[in-house]
1. Within the range A:248-265, which residues are buried (at least 18 other Cβ atoms within 10 Å of the Cβ) and over 21 Å from the mean Cα position of the chain (by Cα)?
2. Could you go through the range C:243-254 and let me know if any residue there is without any contact (Cβ under 8 Å) to a residue 24 or more places away in the chain and at positive phi.
3. Out of B:39, B:13, report the one residue that is touching a helix residue (DSSP H, G or I) at 6+ places or on another chain (Cβ under 7 Å) and either surrounded by 14 or more Cβ atoms within 10 Å (Cβ to Cβ) or away from every other protein chain (no Cβ under 14 Å) (or both).
4. Condition first: over 25 Å from residue A:289 (Cα atoms), more than 16 Å from the chain's Cα centre (by Cα), free of Cβ contacts under 8 Å to residues at least 12 places away in the same chain and more than 9 Å from every other protein chain (Cβ to nearest Cβ). Can you find one or more residues in the range A:383-405 that meet it?
5. When the range B:182-241 is examined, which residues are found to be assigned to a loop (DSSP other than H, G, I, E, B) and closer than 20 Å to residue A:245 by Cα?
6. Out of curiosity, is residue B:228 in contact (Cβ under 8 Å) with a residue 60 or more places away in the chain, closer than 30 Å to residue C:270 by Cβ and out of contact with any helix residue (DSSP H, G or I) (no Cβ under 6 Å at 6 or more places or on another chain)?
7. Looking only at residues in the range A:178-190 that are assigned to a loop (DSSP other than H, G, I, E, B) and buried (at least 22 other Cβ atoms within 10 Å of the Cβ), which one is nearest to the other protein chains (Cβ to nearest Cβ)?
8. Which of the strands (runs of 3 or more DSSP E) found entirely inside the range A:197-270 contain at least 2 residues meeting this: within 14 Å of chain C (Cβ to nearest Cβ)?
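The values are calculated or read from the model by the stated rules, or taken from the named source; none is laboratory data. What you are looking at is a predicted structure, and each value in this text was computed from that prediction instead of being measured. Cβ: placed from backbone, ideal geometry, glycine included. Neighbour counts: every protein chain shown.
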């Protein structure tokens, strides 16, 4: 009896002591300007040439730069190069290396590093990629370098945003990467976080403002919202209107655009989606405004083709109204195609972005009105990537595709022979116009071709393009300067604390 | 002798009966469509028209809870029945024959037991893919060891008893002894653990749903609803509370039955 | 001693069986492990080259043997997902977190459920028992992730007792780490506490009905003296075995709860690795968890044997 009581007494004291210790420790070490950015996707590689995920490119934008880099308005500016000049026939581009530019370890950037980087990138990208036009790099006596192309390409300059890496760091590229960007690598915990700090000798005077940035992987949005409310995270992207509404008033909600084409992509090679009438019927049956209203409180941009509105000069706005919500017309088209009573199919949905699931549910509900039964199969992103994207083993999938600065990047996936033509779309006319657009040097004529491509995709109802989703970003109210990019990038070098 | 009513059993049966009745009703009729969406009803709080309120797509939560009970019942009951039948048969035979057969079966049992249930379910689902049938299969396999163990010990207990010995002496076949003489006497022990298994299945299904590997939308399961509702706890607490309380009551009912059955012998 | 020897032998056999199951499950079924790694850039030549590099073109037995010998030495190969990162370092870096979390949960279960169980067993009124039973069943019925969500809201967002997401690993600052992990531990242990209480109550009640208790009372021993001196001691013996099961449950519970509280432990690593199809990591974690559970069960058997030598296999 006695022992028993003593035992519990000891336990009680220890517990009380532990709780006291716990109550007393509240460590606040936010003396310097540091910010924690929550990221919704795991980082797949620290090697910028091997990074596939859009989420990884967003982060690595802060560490690496190419000869040129993207600006927030969708143009490019010189980075590692001080200036550049595209040859008149668009078959070569020459660069002057920026004076005094150094890597994070303090060594100067040499022409050999550039040669190494471009060749490495070309080899990794492979002969089917947009980088395949790269032939070689010529190094002149005076230090200028010239990129020689296999054939004329006016859009190749956009490809040269690919990272310039020091040849000497080949060994450590995955553990301690070095670049020329505004921030330099500090530490990386796989699946947890990437910490970077200010690079003091960054070529752009006065940037970056912040001393340290931690990119914390938080794939679960609910957990991320809790952490925003608790003050653990300062910035988090890709919120829906409902999610943003649950945040406390210490955040500004910035409204931008995700700059993805989100929609229900159809496998054009499987029945019944091999029939254009069926695809059109589905398009008429889907209520895109309802999706926008439910998920983004109407803040998304409704689209009708595989292009983002941000690419103003090349964007064909007419495609937005090619289809309207018209269940009656859908039924007629279905009857015409031989499916008067509808049919049943499965929508494969990756779970990496919550609005995809919502979109699929709303689409399924509107298709039920015209007699089509859509089942939903929610899968892990990686499963989706290998089954749907690589193996093309699916009927329909709600997903978003991104592009790069080069306008052709939005259409390359729809070329009938493209290795990543995961919708199995095939239209000789489309292929033909695409070739013309790529070869065209006159920009106005180029825009005409690209708009034509968009109209073809819309008329064919190649897929059910729904929206360029609103990107609601929660930013700590103490911060300012956050900007949106039309590509996958979160530029932390321009963010600063309000004085 | 004092008349001692088996209140646990009665209350348990009533609760479970109501739940089952709701689930069965949902097969034919729900107050509203379980998938029908409405912008105007988004996050509508509980009212006379929608006693449980509406969710983020304006769907009636009561209707979805009714459907969800059915899904949860289906998953849990199929899982337990699968595990119980396979496990009992294995356990009975292992206990009856003994020897190396028993040894091998029980070692495999130990190995299966060593994997925490959700871990094994995760592994199975990662191979088979999610979906109703796969979840039932994955969880069902998980329950085999516990039933095998109980069936085996029941068999060992009963094997030595008089009536089994005499059946053996009268040259009754093995199967006849197991199914005609032992099973009827072992069922109470097995049923009690079936109830525990049922509750474990409910919780495991909810856990899988939370990890995104459970029942597929737009089908409702109670676990999935709580998971989805987690995001809107501040805006629409009723979205989480009603499915949550339903799960708790469901588990309570079955647990009370299990208590009651235990008290019967 | 013979008993322990025999148990030890079964332990070894069980461990071998588990390693075979785990290896076969992940190395044979997904024949596309190399495709999973290459992703979009998969061409037949590159797949063949990678298969050779990963050793997937060797006979299964050879693969198993090299994996097993590696595993024994703590070498589980490299992760598919994080190029160049060893599985061992990935798992090792998170081991401390999960160990501390499980330990806190276990301490909570023991510290809370035993007094509550005793208290519950001593209640005699019908109402008291009914209230107890209901409370226990309700606690058992709450899914732990739901409990986790509620705890996060209450203790982090409303009361601000801890900051969700601001986790420090035990290696950096043990007390800060513990003070964070207490909260996920509550979510993990509460349902297990209910289970243990239920088990303990029925164990004590069964013991109270035994003849020696009646004899002791008849001899005039005090109620508490009999209870704490004999009944409790005897009824705690089966609880030890039960705790073995509870430990396995705690490990399982942490898989789900770590996600709710963003605790970078083994469980979260496993869930991420499964979704990334990072099979070397999945294999290592599954093997690790299974080994821990089996070894603990072995220890429980041994302790049981020491306390109660009547037990025979």
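1. A:251, the sole residue that qualifies.
2. no
3. Details: B:39 fails: either surrounded by 14 or more Cβ atoms within 10 Å (Cβ to Cβ) or away from every other protein chain (no Cβ under 14 Å) (or both).
Within the list B:39, B:13, the selection yields B:13.
4. yes
5. Start the filter on the range B:182-241 by keeping residues that are assigned to a loop (DSSP other than H, G, I, E, B), which leaves B:211-221, B:233-236.
Once the filter is applied, which keeps residues that are assigned to a loop (DSSP other than H, G, I, E, B) and closer than 20 Å to residue A:245 by Cα, the range B:182-241 yields B:233, B:234, B:235, B:236.
6. On the way: in contact (Cβ under 8 Å) with a residue 60 or more places away in the chain: yes; closer than 30 Å to residue C:270 by Cβ: yes; out of contact with any helix residue (DSSP H, G or I) (no Cβ under 6 Å at 6 or more places or on another chain): yes.
In short, yes.
7. Kept after step one, since they are assigned to a loop (DSSP other than H, G, I, E, B), are these residues of the range A:178-190: A:178-182, A:190.
This time we only want the ones that are buried (at least 22 other Cβ atoms within 10 Å of the Cβ), so: A:179-182, A:190.
Details: A:179: 17, A:180: 22, A:181: 20, A:182: 25, A:190: 4 Å.
Ranking the qualifying residues of the range A:178-190, first place goes to A:190.
8. Numbers: elements: A:212-217, A:235-239, A:251-257, A:261-266.
Ranges flagged: A:212-217, A:235-239.
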